[in-house]
Amino acid sequence: MMTERSNRASLTSVLVFIISMIVMFVIASYFIYSGYTSFLEGRSDAYYQMLIGIASMASIVYVAVQYRARSIKYKMKELKVFSKLESEECGYSTVRDFLKGDYVFKTVENCPKCDAPMTITRIYPEKKDEKKSSSPLQWLAP
Amino acid sequence: MAPAGESDPIGMIMNVLWIGLIVFSMFYGQKIQTWMMLREISGALDRLTFLKNEARNVSIKSIKAVRKKADQEDPSPRVDHFLEYFTIMPVTLDPSGIVPKIDHILSLREDRFEDEIRTMAPEADEIQINNLEGVLEVSVDLNEIFKVVRHFYLLGRKTMSLYVIMQVQMQLPLIMQIAEAYFAALKAFADGQPIGDGAGPLVVGKMMLELEKKEVVKDTVLSETSIDGRKVILIKAKGPGSSVGKPGEAIQRIIEENKGKVSSIIMIDAAAKLEGEETGSTAEGIGSAIGGYGVEKYKIEEVATKYKVPLEAVVVKQLLHEAISPMLEEIYNGVDIASARVRRLIQERTKEGDTVIVAGIGNSVGIGQ
């Protein structure tokens, strides 16, 4: 019962939203067109009409963007993490993907150069692309 | 189509519509504003729902991963039950003597968490229990944030009061930042990766390598070494499991055992940076560099004041989300600088033959010793 009512309510709100958008779009288009023709005729109210038209159009874009932002679906993006291995004997270092059970100062496989055991000195995530994501959360991708 | 004017009927209608819209916004402007705010909160709520559900899934998956027998009971109902777990802090009407009460409640909480995890994953070792504790704590916190925001959203929708809605809408950016930071911590705890807050334990862990360690208090290890003729007592939370230990209690015990004959306490911790400051930059000052509820800080300050022991602090700066997500390379670079600063402080602020305590404060997840 509740679900039916809420479904009906959401359908009504979507319809109201679409109708309002269409009405606003018609008004905005009319004022822009009217402003343009008035401008060609050299009438003084051209700028006033243009202003109304552009303001209405901007409101439509803003509301539409807001509406779109609501319907974004989130999913989890895996963050790549690396382990840096170093040999104290020869100074050789290598980086590999993080493996479960790794921790800093853990002694792992032997060095391919000097055959001494290597130690994990750093476990760090891949550098995030600053341009791509300004969010501190790197795993969420819309 | 003719331009809008007095003689144009369409133009007249449009002008009337436009004026009508202005009049409508005069009376219903606040309602529209309320509606827009509710939509913003609703969007944030969607995101919070995703975060808390994902946290729950990670918790269940992590518990299942440490189980050895496949036919064990499904942990999901128990995790759901646990997500509603709460802690009631002591009464503050009479603040005198409140710290031991908070300490007691927090210890109880920690023990209860561990017991629950042991019940859900009996085969888990100490490191896995500590890491699962971190995962569950994050899940509980995310669930709590979600519930509070949902409460204000529903209350706002019910009352349509701008002031109720504004309370949460104005704080929404900060709330979301905290929620996202917690979420970033989730996988680090689940996989046992070091987090930014581990800067202090990393400095001390490096100094502890090859030294004999003993557990001085619960989840807190101690080593003794000699640097430039000074006896240096190193303290950090026991790693590589997720734990902050009880450094305050450890420092208090050591100073009492040494009858106050300690020349300096040097504490290394992660500190919140201000916008504009660089991640991994270091700074030093005086005082007890330790966060949390204040219980451990209280113990350190009490004993340091009693015996007039100087408190030196070295901090590695980072943002909140950096402090609880996998440790960035910039923070590792900061840790190297902090280590050098600690050595310089030992040389400059103490004399040969002195006893110095060096405590690495923070979470030791993914950091050994």
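The values are calculated or read from the model by the stated rules, or taken from the named source; none is laboratory data. Quick caveat, the model's predicted, so the values are computed rather than measured. Positions of Cβ are backbone-derived with ideal geometry, glycine not excepted, and every protein chain shown enters the neighbour counts.
Just to be sure I understand, how many residues within the stretch B:187-207 are assigned to a helix (DSSP H, G or I) and buried (at least 24 other Cβ atoms within 10 Å of the Cβ)?
The total comes to 12.
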Among the residues of the stretch B:47-87, the number that are closer than 20 Å to B:Asn131 by Cα, at pLDDT below 90 and acidic (Asp, Glu) is 1
Among what's in the stretch B:22-81 and is in contact with a Ser or Thr (Cβ under 6 Å, 6 or more places away or on another chain) and over 29 Å from B:Ile165 (Cβ atoms), pick the residue that is surrounded by the fewest Cβ atoms within 10 Å (Cβ to Cβ). B:Ile60
When the residues of the stretch B:272-289 are filtered to those that are touching a strand residue (DSSP E or B) at 6+ places or on another chain (Cβ under 6 Å) and crowded, with 21+ Cβ neighbours inside 10 Å, which remaining residue is nearest to B:Glu330 (Cα to Cα)? B:Thr282
Restricting to the stretch B:128-160, what's the tally of residues that are closer than 17 Å to B:Gly366 by Cβ, polar (S, T, N, Q) and crowded, with 21+ Cβ neighbours inside 10 Å? 2
Can you pull out every residue in the stretch B:14-53 that is aliphatic (A, V, I, L, M) and more than 9 Å from chain A (Cβ to nearest Cβ)? B:Val16, B:Ile19, B:Ile22, B:Val23, B:Met26, B:Ile32, B:Met37, B:Leu38, B:Ile41, B:Ala44, B:Leu45, B:Leu48
Residue selected from the stretch A:111-126 under the condition crowded, with 16+ Cβ neighbours inside 10 Å and more than 10 Å from every other protein chain (Cβ to nearest Cβ), by the criterion farthest from the chain's Cα centre (by Cα): A:Cys111
Members of the stretch A:41-62 found to be over 13 Å from B:Met14 (Cβ atoms), part of a helix (DSSP H, G or I) and more than 9 Å from chain B (Cβ to nearest Cβ), listed by number: A:Tyr47, A:Met50, A:Leu51, A:Ile54, A:Ala55, A:Met57, A:Ala58, A:Ser59, A:Ile60, A:Val61, A:Tyr62
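A quick yes/no check of all residues on (1) more than 30 Å from A:Glu78 (Cα to Cα); (2) free of Cβ contacts under 8 Å to residues at least 40 places away in the same chain:
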| site | (1), (2) |
| --- | --- |
| B:Asp80 | no, yes |
| B:Asp103 | yes, no |
| B:Asp115 | yes, yes |
| B:Ile145 | no, no |
| B:Leu154 | yes, yes |
| B:Tyr163 | yes, yes |
| B:Val168 | yes, no |
| B:Phe183 | no, no |
Restrict the check to the stretch B:60-72 and report whether at least one residue is touching a residue at least 12 places away in the same chain (Cβ under 8 Å), within 14 Å of chain A (Cβ to nearest Cβ) and in contact with a helix residue (DSSP H, G or I) (Cβ under 6 Å, 6 or more places away or on another chain). yes
So, in the stretch B:189-230, of the ones that are away from chain A (no Cβ under 11 Å) and among the polar types (S, T, N, Q), which residue ends up nearest to B:Asn130 (Cα to Cα)? B:Thr220
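Matching residues to (1) in contact with a Ser or Thr (Cβ under 9 Å, 6 or more places away or on another chain); (2) modelled with pLDDT under 95:
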site	(1), (2)
B:Gln169	no, yes
B:Leu186	yes, yes
B:Leu222	no, no
B:Asn258	yes, yes
Pairs returned, first residue in the stretch A:90-110 that is within 12 Å of another protein chain (Cβ to nearest Cβ), second residue that is of a type in the set (Ser, Thr, Tyr) and surrounded by 12 or more Cβ atoms within 10 Å (Cβ to Cβ), beta-carbon separation under 6 angstrom, 6 or more apart or interchain, are A:Phe98/A:Ser83; A:Asp102/A:Ser83; A:Thr107/A:Thr119
